Structure formats: structure tokens, C-alpha cells
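Visitor: Here it is, the structure in full.
Throughout, read-outs are computed from the coordinates displayed, never taken from laboratory work. None of these values were measured; they are calculated from a predicted model. Please note: Cβ atoms are built from the backbone with ideal geometry, for glycine as well, and neighbour counts cover all protein chains shown.
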Amino acid sequence: MSNPVVTTTTFATYNNHAETVRADCALKTIEAAVTHGYTTVVIDGGSPVEYVEEMEWLGAQVFAQEFPGMGNARREALRRARDIVPPGQPIVWTEPEKYPLIPELKLPISTFIEGNYDLVMLRRISLDSYPPEQAMAYQLIALAAKYLTGIDSDFGWGPTVLSADAVDYYLSYESTHGDLWDGIHCPKLRIIKDGLPWTIVPVNYQHPPEQTAAETGMNLFLKRVMQVDQLARAIEAEVDRLGMRVE
């Protein structure tokens, strides 16, 4: 019987409208994952007690984050998921706000199981539903990865389907680039370099409209610039360390 594990991280804050929207979207993601029959594991970085209780009421297994930082939270989420995933079943990593992704996971999960893959990367059919600056950031990151490796992918998008063996690559990753976005992307390069079976599956993902409305404009513009800079530099350094740069 198929029993994938979906895992993510949360830290609900309500300091502004965008943070409130993200917190609400995370609850929708958990509810959708549980409704679709996925075991759901959450690492929480310090949300209000009532918020944690609501996640648990929705059916998630919630664990308090042990060590601070974005990279640590994501590794803890993957470790918890790996510890409970049934043999042969995948672990789906996703950021917490992506509730429209949950109904689209059927194809990536079936591809993972039928093809006996260790890594399934997802590729969005369109970025039109995103804030324009965020869409451009993803395009630039994908272009950098293509220039460096020759792999035409949606490399900077977080959601990924992983085997328990692939998770070990994430858990052993030690960042020298700030341990922000690189911690969820650079391990993919190591998996590919070591020859574990991998593939890319297209998904018809549409970004939550309420999040797009809340995050369009200068309030998060510089975050996207920083994201491109941090991740592109980390990918380039990792590609060179692994000897994967194409001529």
C-alpha cells in the first residue's frame, strides 16, 4: 500500500499581511496532504501554541525545531520523515505554503515508485501565477544551473520527491554559503554526480493567488535578488567541487 510522507517546516508569525497569508497557506497545505492520505511531518520553529495545536488537529506530526536556521529546519524535517517512511515509499519535501501542489503529487509519486528513482525533481509548466520578481528569480537560478551542468530543469524550485537513501545526502550537507536555500538544492547535485537514478516530472502548479497578491512588489523584491545571488554562487561552487561543470 502506498504511504508517502510529506514533510515541511513552519514558523507562523503575524507581523504583517504577507506573514499572515503564509501561515494560513501552511495550514491549507497540511490539511490537503492529510486529506490525500499522506503522512505529514512538520518541523516548527516557534509558532504560537494555538497554531501548533491546529496543525496537530489537522493530522500532522509536529516536532519542535532543535537547532536554529533554515537549513537545520529542513534537514530536521527530512530526518524525521526518513525515520518513519515505509520501505520503498517516497518522501516529499515542500515549502509550507504550497497547498495547490498537493493534488499534483500523484504523478511524481507514481513515477518515483514505478521507476525506482532516488530523486524526482519537479518542473512547473508555467510561472505565470507567481509575483513577477519571484518568477524571474526562478528563471535565473534555472539558467545558472543549465549553464553550469547542462541540465535543463526547474532547479531552484524546492518541492522534491526523495528516497530514504537520497535524504542522507541532505543530512550530510554542510553549507559554506549561509545555509539558506542551498541546503535544499546543492544535495541534488551530489545525488546526480554519484549516479543515483533521477528524473524530472512536470506539474501543473499554480501559486496561491492570495500569496502572489501579498508578495508582489518591493516588500520582498530584495529577498529575491538575495536568493538568486546566494543560490547561484552556492550551485557554482558545488558544481566545481564535484567536477560537474560543462564546457
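Visitor: Using the crude model of +1 on Lys and Arg Cβ and -1 on Asp and Glu Cβ, and no other charge, please compute the dipole size for the chain relative to its Cα centre, in debye to 20. Don't skip to the end; give the middle numbers.
Guide: On the way: 20 positive and 33 negative charges, 108 e Å.
Magnitude of the dipole: close to 520 debye.
Visitor: Quick one: pull the percentage of alpha-carbon pairs in the stretch 172-247 with a separation above 21 Å. Don't jump to the answer; show the numbers that get you there.
Guide: Working: 1326 of 2850 pairs.
Result: 47 percent of Cα pairs exceed 21 Å.
Visitor: Structure shown: which of Lys146/Lys188; Lys28/Lys106; Lys106/Lys146 lie over 22 Å apart, alpha-carbon to alpha-carbon? Working shown, then result.
Guide: Values: Lys146/Lys188 14 Å; Lys28/Lys106 18 Å; Lys106/Lys146 27 Å.
In this structure, Lys106/Lys146 lie more than 22 Å apart at Cα.
Visitor: In terms of the Cα gyration tensor, with a ≥ b ≥ c the square roots of its eigenvalues, is the stretch 86-132 rounded because a/c is under 1.5, prolate because a/b exceeds b/c, or oblate?
Guide: On the way: a/c = 2.67, a/b = 1.97, b/c = 1.35.
Prolate.
Visitor: For Lys223, go through the lysines and keep the ones whose alpha-carbon is under 19 Å away, minus same-chain ones fewer than eight residues off.
Guide: The qualifying lysines are Lys98.
Visitor: Antiparallel DSSP bridges in the stretch 5-242: what percent, to the nearest 5? Please list the in-between numbers first.
Guide: Numbers: 6 of 25 bridges.
So the antiparallel bridges amount to about 25 percent of the total.
Visitor: When a/c reaches 1.5 or more, the comparison of a/b and b/c decides; with that in mind, is the stretch 1-76 rounded, prolate or oblate per its Cα gyration tensor? Could you put the intermediate results ahead of the total?
Guide: Values: a/c = 1.93, a/b = 1.30, b/c = 1.48.
Oblate.
Visitor: Turning to a different aspect of this structure: Going by the alpha-carbon gyration tensor, a ≥ b ≥ c the square roots of its eigenvalues, is the stretch 1-156 rounded (a/c under 1.5) or, if a/c is not under 1.5, prolate (a/b greater than b/c) versus oblate? The partial results should precede the final answer.
Guide: Working: a/c = 1.67, a/b = 1.16, b/c = 1.44.
Oblate, since a/c reaches 1.5 and b/c is not below a/b.
Visitor: Another question, if that's okay. Quick one: Karplus J couplings for the stretch 140-154, per residue in order, coefficients 6.51, -1.76, 1.60, θ = phi - 60°, nearest Hz, x for Gly and Pro?
Guide: Each residue of the stretch 140-154 in turn: 5, 5, 4, 5, 4, 4, 5, 4, 7, 10, x, 8, 8, 8, 9 Hz.
Visitor: Give the relative contact order (percent, whole number) for the chain; include only Cα pairs under 8 Å separated by 6+ residues. Write out the running numbers ahead of the final one.
Guide: Values: 444 pairs, mean separation 57.7, N = 247.
This gives 23 percent for the chain.
Visitor: Continuing with this model, one more query. For Arg224, what is the net charge nearby, where nearby means another residue's Cβ is under 11 Å from its Cβ and Lys, Arg count +1, Asp, Glu -1?
Guide: Values: positive: Lys223; negative: Glu133, Glu215, Asp229.
Charge balance in the 11 Å sphere: -2.
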